[in-house]
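The values are calculated or read from the model by the stated rules, or taken from the named source; none is laboratory data. Note that the structure is predicted; figures quoted are calculated from it, not measured. Here the Cβ positions follow ideal geometry from the backbone for every residue, glycine too, while neighbour counts run over all protein chains shown.
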Amino acid sequence: MSKLTPPLPKFLRPAPPRPSEKEPTPDIGEPNGKPGRADKLRESAGEGGAQVIGWLDERTGTSPFLRGFLFRKVPKGTNWFYSLGSATMFAFVSQAVTGVFLAMYYNPDATRAYESASYITNEVFAGELVRGMHKWGSTVMIVLLFLHMARTFVFGAYKYPRELNWVIGVVLLVLTLAMGLTGYLLPFDQRSYWATIVAVNLNASAPLIGPFLADFLRGGAEFSSVTITRFYALHMLLIPGLIAALIGAHLYLVAKLGTTAPPWLRAEKKELTKEEI
Amino acid sequence: MAENRSDKNRKPRYTADRGMPGAFEGETVTRRGFMTGGALAAGGIASAAFALPALGFALAPMFTDGTVDRWQDVGPESDFNPTAYVPKVINTDPGVGEAGKATIYVRKFDPESDKPSPSDGGSDPIPYVVLSTRCVHLGCPVRYYQAPKRFVCPCHGGIYDFQGKVDGGPPVRPLDRFEARVTNGRVEVGERFSVNSELRRFSPRDPSNHLDGLWQYLYPARPST
């Protein structure tokens with residue numbers, strides 16, 4: 001029967017029968033209505049999507065992970081304040097996405113930076129919007145970060161066993177502020193330039209390490225052509241990488257330790273019966 | 001007594017004494033321990049081989065003294081006098097375009113009003129007083145006003161007198177100066193140096209670095225390599 005059909009690629013051809021098995025299912029259904037191999041393939045094509053997901057899930061173990069991560073139990077009284085951390089992370093993701101696309105047009109050269117930034121704003125399609133989102137998004141991220149920190153503090157969510165998550169959060173705060181500092185230079189207008197001069201000299205005022213810190217930031221004793229490339233590398237590679245890694249650690253600890261109930265919810269005291277006492 | 005107890009708790013020195021199967025005579029490190037240590041050491045060496053040069057690459061600017069041995073012409077001697085500063089523009093870094101330019105204020109050295117200052121570092125006074133416009137508070141550009149003979153910083157209100165010494169506001173030391181010399185009747189400006197409140201000469205420092213008394217030891221000079 002199979003000899004009559006056009007030659008199929010090897011992987012579509014039916015496997016030869018094992019010695020104990022009967023003749024394989026023919027490729028084309030028989031006139032009497034018995035379904036062939038092609039009919040079965042056609043039937044299963046509709047279930048392809050589900051099969052792909054199932055195939056991946058079986059090999060990666062995604063669904064048990066997601067079940068534990070997304071459907072974990074949260075305390076009674078969980079409210080909108082608990083979304084501030086996710087909001088901050090969303091702001092970070094939006095900064096990362098808009099930043100990647102800004103990097104396609106931006107030129108971190110001291111003689112070209114200002115022109116390329118104004119080119120983004122004035123010439124590129126939707127450039128003003130993307131640059132605006134990146135600029136205002138940075139402020140939004142810092143505001144959300146402080147609100148998230150205030151929520152954690154006021155709700156007492158930094159206490160045992162979550163102290164380490166507070167520490168990671170503080171490092172994330174410092175890194176986010178460093179993003180603000182390094183990003184401020186990149187438009188390279190008068191304001192960026194002088195603000196960076198002042199900011200680097202503020203770093204220089206620290207005793208003992210200050211002069212070294214300032215030289216590291218500037219890439220030398222004077223503000224020079226390598227200062228802007230240095231800030232650019234810190235702004236788009238080093239600090240975002242650290243932030244992404246620490247967000248991962250932060251989330252892992254949140255999932256592992258769970259969230260705290262709001263402080264106004266008291267533990268429900270059960271009236272003990274005489275027998276229990 | 002105490003010694004006996006610690007001897008009892010300590011593991012035997014030789015693996016053969018710990019009753020390990022296949023132990024060699026005189027063997028002190030297990031093969032598993034040796035392989036673990038070897039793998040860690042190999043990984044550490046391989047990581048250090050790329051990480052240390054990359055780190056040095058990034059940190060190198062911290063360990064250079066940053067002085068540029070370059071003389072720049074700022075005009076003929078007739079441009080300058082001892083009673084007023086003349087603004088001139090020099091290039092601190094040609095690679096950064098406008099950002100590499102810096103304004104300086106130049107006047108002739110006046111042996112009477114400028115008491116023989118130690119800023120020259122020797123008996124031979126620098127023939128011109130060349131002041132940097134970089135405010136030593138946080139680096140904003142100062143401007144010279146002829147009527148009060150003062151330099152004023154727009155950012156936080158630092159004020160300097162005619163010699164560049166601090167007259168008010170937050171700055172921590174006088175304005176930085178530049179070397180100057182006269183070649184064929186033209187004034188040339190050399191490298192930057194910093195001075196403390198007695199106009200004693202120091203290697204170039206960042207703004208906000210104190211240079212008086214014990215403070216000077218908290219803000220070390222750039223190492224010269």
Query raised in the report: Tell me, which strands (runs of 3 or more DSSP E) lie completely within the stretch B:35-112 with 1 or more residues that are surrounded by fewer than 12 Cβ atoms within 10 Å (Cβ to Cβ) and not aromatic (Phe, Trp, Tyr)?
Result: B:86-91
Query raised in the report: Got a sec? Which of A:173, A:144 is surrounded by 18 or more Cβ atoms within 10 Å (Cβ to Cβ), under 21 Å from the mean Cα position of the chain (by Cα) and over 16 Å from residue A:258 (Cα atoms)?
Result: A:144
Query raised in the report: Quick check: anything in the stretch B:194-216 aromatic (Phe, Trp, Tyr) and more than 22 Å from residue B:114 (Cβ to Cβ)?
Result: yes
Report task. Look at the stretch A:166-218 and say how many of its residues are in contact with a His (Cβ under 6 Å, 6 or more places away or on another chain) and of a type in the set (S, T, N, Q). Result -> 1
Query raised in the report: In this structure, does residue B:211 turn out to be part of a loop (DSSP other than H, G, I, E, B), in contact with a Lys or Arg (Cβ under 6 Å, 6 or more places away or on another chain) and over 25 Å from residue B:80 (Cβ atoms)?
Result: yes
Report task. Could you tell me whether the stretch A:179-188 includes any residue that is at the interface with chain B (Cβ under 10 Å from one of its Cβ atoms) and surrounded by 20 or more Cβ atoms within 10 Å (Cβ to Cβ)? Result -> yes
Query raised in the report: Hey, any hits in the stretch A:156-178 for a residue that's within 14 Å of chain B (Cβ to nearest Cβ) and not aromatic (Phe, Trp, Tyr)?
Result: no
Requested in this report: Of all residues in the stretch B:22-73, count the ones that are of a type outside the set (A, V, I, L, M, F, W, C) and either in contact (Cβ under 8 Å) with a residue 24 or more places away in the chain or in contact with a strand residue (DSSP E or B) (Cβ under 6 Å, 6 or more places away or on another chain) (or both).
Outcome: 8
Requested in this report: Return yes or no: is residue A:218 loosely packed, with under 14 Cβ neighbours inside 10 Å, within 14 Å of chain B (Cβ to nearest Cβ), on the phi < 0 side of the Ramachandran plot and at pLDDT below 95?
Outcome: no
Query - Within the stretch B:18-34, tally of residues that are acidic (Asp, Glu) and either within 14 Å of chain A (Cβ to nearest Cβ) or exposed (fewer than 10 other Cβ atoms within 10 Å of the Cβ) (or both) - result: 1
Report task. Having 2 or more residues that are within 30 Å of residue A:224 (Cβ to Cβ) is the bar; report the helices (runs of 4 or more DSSP H) wholly within the stretch A:62-164 that clear it. Result -> A:84-102, A:113-122, A:127-154
Report task. Sort out which residues of the stretch A:46-73 are surrounded by 10 or more Cβ atoms within 10 Å (Cβ to Cβ) and over 29 Å from residue A:259 (Cβ atoms), and write them in order of number. Result -> A:47, A:51, A:52, A:53, A:54, A:55, A:56, A:58
Requested in this report: All but one of (1) of a type in the set (Gly, Ala, Ser); (2) within 11 Å of another protein chain (Cβ to nearest Cβ); (3) surrounded by fewer than 15 Cβ atoms within 10 Å (Cβ to Cβ) hold for residue B:208, so report the exception by its number.
Outcome: (3)
Query raised in the report: Quick one: would you say residue A:194 is among the aromatic types (Phe, Trp, Tyr), facing another protein chain (nearest Cβ under 7 Å) and surrounded by fewer than 19 Cβ atoms within 10 Å (Cβ to Cβ)?
Result: yes
Requested in this report: Determine, yes or no, whether residue B:155 is at pLDDT 80 or above, crowded, with 19+ Cβ neighbours inside 10 Å and farther than 17 Å from residue B:179 by Cα.
Outcome: no
Query - Unique residue being touching a residue at least 24 places away in the same chain (Cβ under 8 Å) and within 19 Å of residue B:80 (Cβ to Cβ) when the list is B:199, B:175 - result: B:175
Query raised in the report: Could you count how many residues in the stretch B:170-193 are surrounded by fewer than 23 Cβ atoms within 10 Å (Cβ to Cβ), outside any loop (DSSP other than H, G, I, E, B) and within 11 Å of another protein chain (Cβ to nearest Cβ)?
Result: 1
Query raised in the report: If residue A:207 passes every condition in (1) within 14 Å of chain B (Cβ to nearest Cβ); (2) crowded, with 21+ Cβ neighbours inside 10 Å but one, which one does it miss?
Result: (2)
Query raised in the report: Hey, any hits in the stretch B:137-157 for a residue that's within 17 Å of residue B:113 (Cα to Cα) and either part of a strand (DSSP E or B) or in contact with a Cys (Cβ under 6 Å, 6 or more places away or on another chain) (or both)?
Result: yes
Report summary line: Taking the stretch B:73-104 and the residues there that are within 14 Å of another protein chain (Cβ to nearest Cβ) and hydroxyl-bearing (Ser, Thr, Tyr), the one that is farthest from the chain's Cα centre (by Cα) would be B:103
Report summary line: Of (1) free of Cβ contacts under 8 Å to residues at least 12 places away in the same chain; (2) surrounded by 14 or more Cβ atoms within 10 Å (Cβ to Cβ), residue B:148 satisfies every one except (2)
